[in-house]
Each structure stands twice: as C-alpha cells, then as structure tokens.
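Heads up: the structure comes next, in structure tokens.
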Amino acid sequence: MSDSLRIISRDNGVGLSRDLALLGGALADAGLVVDRVGFGGDRTGVRLREAGLWARRVLRGKVETQLFCERVYPHCLPLARRNLLIPNPEWFLPKWLPWLPRFEQVLCKTRHAERIFRRLGCRTRYLGFTSADRLDLSVPRRPSFFHLAGRSSAKGTQVLLQTWLRHPEWPLLTVVQHPRKAGTPVRAGNIDHRAEHVDDATLRRLQNEHLFHVCPSETEGFGHYLMEALSVGAITLATAAEPMTELVTAARGLLIQPVRQAEDGLATRYFVDATAIEQAVEQALALSAAQRSRLCMQARHFYVGNDAAFRERLARLLVEDGRIEAADVAAAAAMHG
C-alpha cells in the first residue's frame, strides 16, 4: 500500500524548518497522516536519504502526492504520482527551471509569486501561508522598537542600525541577530544589539514586549518576520514593496518607501535608506493613543483571518483532490477560527 502525502524540504533549522512544521501541522489538523522529509545540507546525507525513499517506493509503491517546499530535489520527482511545488521566488535557483513542467501545480504563498510563476508557464494556484501565533497577553508592552534579523542578510539590518545611531533621542531599538551575520555588535544608549542565540521563550517575550517592529525587508518569500509581528498586534514598519505589502498595509501598519531596487533571480530586492526609515519612525512616534490602538487591533485581526483562510484554502485543495471529506473543511476552520 502506498503512502498518501509527503512534504519534502530542506531542514535548515530556520525558515525552511518553520515552513515544514507549519505546513505539516496544518495538514495534520485537516486529518491527514503526513510524511515529513527534511533534508540536511550535506550532499552525501541527501543522497542516502533519497536512496531510502527509493527503497520505500519499491516496498510500498509511489506516494500519491508530494509537496516540495522551496527546493526541488529532482531525484525525488519519480517517487510520486503527482508533485506540487510551494516556492520562494527569491531562493528559486536557475538549475530548477527545467524541472518546473514536472509539477502539476505551483502553489503560491503570495500573489507576487503567483504572477512570477504564471509568467514561466506554470499552472499556478494561490495558497497563501501562515505563521506561528506569537501572542502572549501576559507580557507588558512598551513603546520601543524591535528588529528580528536572525540569520538573514536581506532584512535591512545594517541601514537600520546606522540610522538609529544618528538619533540618540529615539526610543530603545532591540535587534536580535545571529552572531555570524552581526559582526561587531553596535553599542549605543538606545540600541540593544543582541548578536547571540536567543531561546524561543525570550524571543517571544521580546516580540510581545515591543509595540513597534521595524521590518525593512529587501525581499520575502512569504514574510514570517512580518506575520509574527502582526500576530502579536505590533505596529509593523515594513518596506512598501511586494510581497511585503500583501501583509503590511497602511490600514494595519506603517510603510517605509524604498529608494532603489535590483533584480535578484526571479525576485526583486528593494532597498530603503536612512531618510525613508526616519520618516517612518517619526510617523510611528507621532501616532496618537487611538491610532496606535487601531493599528494594533487591525494587525491582530489580519493575522487571525489570514491563518483561517490559509487553512481553508489548503483543505479545499485536498477536498478537490479527494483526500478529505468536504465536511472536514468546516471542522478544521472552526477548530482554528
């Protein structure tokens, strides 16, 4: 008897591992038994894992459906009757382009990605995505700023730090960044630059503690960085370019205008400068109590609605594929509503 559903991705300990867990969890919530395959970065290990999957095919037959998250593993394509791809355009490598016709559908996290892959001739479908709910109402909130850089080099961290150094009168900015990316930590009276590993409980407290989250992303595949900020009801300052503006709009955040852009593979990178950051931060500081409250409420409302809509779209996809009963869609939506 063959397996039903498999998710394939790289287990990199950060973004892709998060995607693997979130997608697997959403599918499990829809009542499906899911085989999660997370490859490491070592080529030998990948080959050994692929050999194990081929052995399972011999013993149990082809998997009905495989979902590839971001990365394409060509040796795994023959292991399923149908293959689906959930890409991140900024990380989609040119060497994978010839394999696109092997995917029955490209499921897109953003409308931006949907347009990109449709232009490549793919059969696309908007799926959206979700992020972990980081809200903790027990944490007191203060009117300070937070920036989560992590391991990424595309979060606009350097220009943000340089801008903050020019404004000792601004409130505290807390920056969490992987030490390999941070270099020498920035020291200033109103900057807490944590170039270190921060455990999840501490990170969650920081996310809830700061009223403002500054997210001048150059590009995003989806935007967990942004969506987690929205989940805690923070006032999020984000780059005014797609796909970031699919999550953060003027109705539920503040926008930082980019000053230039550059093509980067299938995606486009957008860059902000000190002047753009200054304008957005001053706008944030000038908000009235009522305006702050409205933006916080709208941010949280959007997160909740987006999470429910993603789960419903995922369930509908599986209903059409005959994998779950239509009645289970409503049950899954009610469970996470």
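The values are calculated or read from the model by the stated rules, or taken from the named source; none is laboratory data. Predicted, not measured: the structure shown is a model, and the values here were computed from it. Counting neighbours? That spans all protein chains shown, and the Cβs are built from the backbone with ideal geometry, glycine included.
Summary of values
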read-out: Some residue of the range 95-110 being within 24 Å of R311 (Cβ to Cβ), of a type in the set (K, R) and at pLDDT 95 or above; value: yes
read-out: Qualifying positions in the range 28-44 - surrounded by fewer than 17 Cβ atoms within 10 Å (Cβ to Cβ) and closer than 19 Å to N12 by Cα; value: D35, G40, G41, D42, R43, T44
read-out: Conditions (1) under 25 Å from the mean Cα position of the chain (by Cα); (2) under 26 Å from L314 (Cα atoms); number of the one not met by L53; value: (1)
read-out: The range 196-209, residues that are touching a helix residue (DSSP H, G or I) at 6+ places or on another chain (Cβ under 9 Å) and either closer than 12 Å to H147 by Cα or of a type in the set (S, T, Y) (or both); value: Q207
read-out: Given (1) surrounded by fewer than 16 Cβ atoms within 10 Å (Cβ to Cβ); (2) hydrophobic (A, V, I, L, M, F, W, C); (3) not assigned by TED's automatic domain parsing to the domain that holds R292, index of the condition A201 fails; value: (3)
read-out: Looking only at the range 162-180, and only at residues there that are in a loop (DSSP other than H, G, I, E, B) and without any contact (Cβ under 8 Å) to a residue 40 or more places away in the chain, the one that is surrounded by the fewest Cβ atoms within 10 Å (Cβ to Cβ); value: E169
read-out: Residues satisfying the stated conditions in the range 128-159, i.e. in a strand (DSSP E or B) and either at pLDDT 95 or above or of a type in the set (A, V, I, L, M, F, W, C) (or both); value: R142, P143, S144, F145, F146, H147, L148, A149
read-out: Enumeration of residues in the range 75-110 that are part of a strand (DSSP E or B), in contact (Cβ under 8 Å) with a residue 40 or more places away in the chain and closer than 28 Å to E218 by Cβ; value: I86, L107
read-out: Condition met for H178 (of a type outside the set (A, V, I, L, M, F, W, C) and in contact with a Gly (Cβ under 7 Å, 6 or more places away or on another chain)); value: yes
read-out: Filter pass, L59 being out of contact with any Cys (no Cβ under 7 Å at 6 or more places or on another chain), in a loop (DSSP other than H, G, I, E, B), aliphatic (A, V, I, L, M) and surrounded by fewer than 22 Cβ atoms within 10 Å (Cβ to Cβ); value: no
read-out: Which listed residue is closer than 27 Å to Q207 by Cα and either aliphatic (A, V, I, L, M) or exposed (fewer than 13 other Cβ atoms within 10 Å of the Cβ) (or both), from L100, L120, L127, L93; value: L127
